[in-house]
Every structure is written in C-alpha cells, then in structure tokens.
Amino acid sequence: MLHRSPYARSRYKQTPVDEFELIRRYFDRQRATPGVITGIGDDGAILSVPGTGLELVQVVDTLVEDVHFPAATSAADIAYRAVAVNLSDIAAMGARPRWMTLALTMPSGDEHWLVEFAKGLFKAADAHEVALVGGDTTRGASIVVTVNMTGEVAAGRALLRSGASAGDTIFVTGTIGDAAAGLALLQSGGNDDFLCGRFLRPSARVDTGARLVGRASAAIDLSDGLLGDLRKLLDASGVGGEIDVASVPLSNAMKSRFEQEERTRFALFGGDDYELCFTAADERISDLDDASPIGRVTGESGLVCRLDGDIVDYDDSGYRHFR
Ligand code: ADP
Ligand code: MG
C-alpha cells in the first residue's frame, strides 16, 4: 500500500519500482503451496482448513504516521482506521472477520494516548465481534500500526478479484471520493465533519460483502482509488470494462464543496474510501440498496471511461484528455 493515499503517493514518487512490480519481483514465487487456495494477488489470502467446511481469509495492513495519516490524527482515529482497513479487505473476500493481532510501534508509552487508542481499536473491532488475540509492542521513531486479521468463509465461496466476465455490471457501494476530499481538507486546515469522518473513520462494508457471496462474480475494496482498483479487478479477471463517469455516486457534501473537475479527480483517483467495487449479472443484486451500477465488463482489455457517451482519458490530476 505504498500508494494508499495522496499523502503516500507524493512521498513515494521517487521509489525505483512500483509496489506491484516490487511484490511480483521479490515476493511472489508463483508456487502451489499445500493449504493455500489463493495466495498473493487478492485482497486476502484464502487458506484451507480441511474437514471444517470453512476456509480462513488472512489480511494485514500497516498505517505509518505521516504517510497514511497526518501526525495530528487522534489516537482513537488511528486505531479505528487500522482495524477498519483490514475489515474492508475481509469484506472484499465476502468473509466474516473473527480475530486480529496488533503490532504497535510508538515513540513513547503516553498513557492518555494509549487509553484513546484502545477505545478506537475496540470500537471498530467490537462492531463486528472481532477479538484481539495477540500482537507486539515496540518503541520507534514514529507511530506505525499493523493489524493482521483473520476471517472465515464457507469453503469455495470467497469472493475473488478474478471472476468477472463480459456482460456483467460493475457496481460500487456508497459514495466515492469522500475520503480523499476529507484528507485534502484536513491537510489544508479546512473541515467538513462528513468528509473528514469518511477518511478518519471508514466503515468497512462487511455485511454487504457477506451478502455478495454467491451473487457477485468478482469484488475488490477501494483503497487506492476507483480507476486503479477496478483495473486490478479487471486484469485479474482477464477482461476489460467501461464506466460512465457521471454515474459514479457522489455525496451531497462532495457536490456542495467541490467543483466538477476536482470532485471527478477525488472520485476516480482518490483512495481510502473502503467501499466495495464488484461485478455481477444485473438481476442478482436488485435488493442491495447501497450499491450503484457504474458500468459494464467487456471482452476487451483495459478500462474505458465515458462522459456523455464520449470516451475520455483522465490523468491523475483529474485532467481530461478527449480522444
Ligand atoms: P490491498 O490494497 O487489498 O492490500 P493490493 O492490491 O495492494 O492489495 O495487492 C497487493 C497484493 O500483494 C495483495 O495480495 C497483498 O497481500 C500482496 N502483498 C503486498 N505486499 C506484500 C509483501 N511484502 N509480500 C507478499 N505479498 C505482499
Ligand atoms: Mg484490498
């Protein structure tokens, strides 16, 4: 997650290889390993537990001070977010979150800070009955929080990035771009309770993820930005897609605070929303009221954006290049 936020993106511009190339080159050995149903490359790993009818889903995410959250972020918000981003990866697999461990690095053991941190941590975890079962505590120059979470899912039923097929509809849950807008406001000294709250306290779509099992053909959670994450899903499925930019759902707060160009940039490229993006044959999700159709899976490769029917290229400053 080197690219996780606009924050991270600017800091890591000089990285010699990008995150995914780095993982592919040094860590992904592409070997079949006993017990591993899905390894590197999805939102979580799927591990078999023979004889139980269940599989485990394993995820981990790290938040680094001044990279993934501004240093002024409250202890409770840091902890809440560290749990929520992991819940979101579990949700993207359609699994039920069960247990977590916590590795916490901090410069000092300030008691007030720890009381608040624990409050935020358990608020997020208790909402989904996730138990803290271990961890590690170390001293270090800045705050680094790693949560490792395990979920469970009926064997063979997990949602993957790789199941989309041509003709499926592309959906997103909730509204998109709010967290990036909220972070931009936090960084510029502005405020908007709703938008900043969407960055600081993302609500992972755990229930929706579980309801998508057997109905969505593929799913991913939106951590790095809609276009980038949707491309990962399409690539993993070996298909292409088309989205109608005007149908990407935006919040009223976003519409009232930001002009067209800027809100499009937040919606297409901003990260940290922790909504789900999934594909499904239309009729199978008609009862999900928190999901909006934004486009269609195609047999071509690559992702095409359309605005008023025209094909439009966006770069990540939000600039539109018409073809
Ligand atoms: P997410 O945003 O859901 O965390 P990504 O799209 O960033 O996932 O995917 C990267 C994939 O590579 C995931 O399957 C992740 O588990 C894996 N991954 C990331 N870093 C490493 C690493 N250092 N070693 C092994 N696998 C990694
Ligand atoms: Mg993910």
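The values are calculated or read from the model by the stated rules, or taken from the named source; none is laboratory data. It should be emphasised that the depicted structure is a prediction, and the values quoted were computed from it without experimental measurement. Every residue, glycine as well, gets a Cβ built from its backbone with ideal geometry; the counts of neighbours run over all protein chains shown. Accessible surface areas use protein heavy atoms only, side chains included; no ligands, DNA or RNA. Shrake-Rupley method; radii C 1.70, N 1.55, O 1.52, S 1.80 Å.
Once amide H atoms are built 1.01 Å from N in the peptide plane, which residues 5 or more positions from Val60, or in another chain, come under 5 Å H to H?
Distant-sequence amide H within range of Val60: Met149.
Where the accessible area of segment 200-244 is counted over protein heavy atoms with a 1.4 Å probe, how much of it, in %, is carbon and sulfur?
43 percent
If packing is taken as the average count of other Cβ atoms within 10 Å, what order do 87-97, 200-210 fall into, highest mean first?
Ranked from most to least packed, the peptides come out as 87-97, 200-210.
How large is the accessible surface of Ile294 in square angstrom, using a 1.4 angstrom probe and rounding to the nearest 10?
Number for this one is 0 Å².
Under a 5 Å amide H to amide H cut-off, with H placed in plane at 1.01 Å, what residues pair with Thr298 once short-range neighbours are removed?
Gly167, Gly240, Gly241, Glu242
Pull up all non-local amide H partners of Arg98: gap of 5 or more, or a different chain, and H-to-H distance under 5 Å with H placed in the peptide plane.
Result for Arg98 returns Thr150, Gly151, Glu152.
Would you work out which of Leu250, Ala127, Ala158 lies farthest towards the positive end of the dipole of the chain? Charges go on Cβ: Lys and Arg +1, Asp and Glu -1.
Value computed over the given set: Ala158.
Let me know the charge dipole size of the chain about its Cα centre in debye, to the nearest 20, where only the beta-carbon of Lys, Arg (+1) and Asp, Glu (-1) is charged.
540 debye
Defining a contact as two alpha carbons under 8 Å apart and six or more residues distant in sequence, what relative contact order in percent does the chain show?
20 percent
Do the sum for the chain: with -39,500 (n - 2.57) for every DSSP H run of n ≥ 4, divided by all residues, what is the mean residue ellipticity at 222 nm, to the nearest 500 deg cm²/dmol?
-9000 deg cm²/dmol
For Ser48 and Lys123 in the same chain, what is the full-extension length gain: residue separation times 0.36 nm, less their Cα-Cα distance, in nm?
Additional length available on full extension: 24.0 nm.
So for the chain: antiparallel DSSP bridges make up what percent, rounded to the nearest 5?
Around 75 percent of the beta bridges assigned by DSSP in the chain are antiparallel ones.
Along the Cα-to-Cβ line of Glu19, 7 Å from the Cα, sits a label point; which residues in segment 233-264 have backbone N less than 14 Å from it?
In segment 233-264, the label zone of Glu19 (backbone N under 14 Å from the point 7 Å along Cα→Cβ) covers 233.
Straight-line reach from Lys255: which aspartates and glutamates have Cα under 15 Å away, leaving out those fewer than 8 places along the same chain?
List returned: Asp178, Asp192, Asp193.
Could you tell me which of Ala141, Val85, Pro97 has its Cα farthest along the dipole of segment 19-154 towards the positive end, charges placed at Cβ (Lys, Arg +1; Asp, Glu -1), taken about the Cα centre?
Pro97
Classify the chain as rounded, prolate or oblate from the Cα gyration tensor: take a ≥ b ≥ c as the square roots of its eigenvalues, call it rounded if a/c is under 1.5, otherwise prolate when a/b beats b/c and oblate if not.
Note, shape of the chain comes out oblate.
Take the Cβ-Cβ distance between Glu262 and Asp193 as r, set R0 to 22 Å, and report the resulting FRET efficiency rounded to the nearest 0.05.
Once the sixth-power term is evaluated, E becomes 0.70.
Quick one: longest stretch of the chain between exposed loop GluC sites (Glu not before Pro), exposed meaning at most 13 other C-beta atoms within 10 Å and loop per DSSP?
Counting at most 13 other Cβ atoms within 10 Å as exposed, the longest clean stretch of the chain is 130-258.
So with the 1.4 Å probe, I'd like the accessible area per residue for segment 169-312, rounded to whole Å².
I get 38 Å² per residue for this part.
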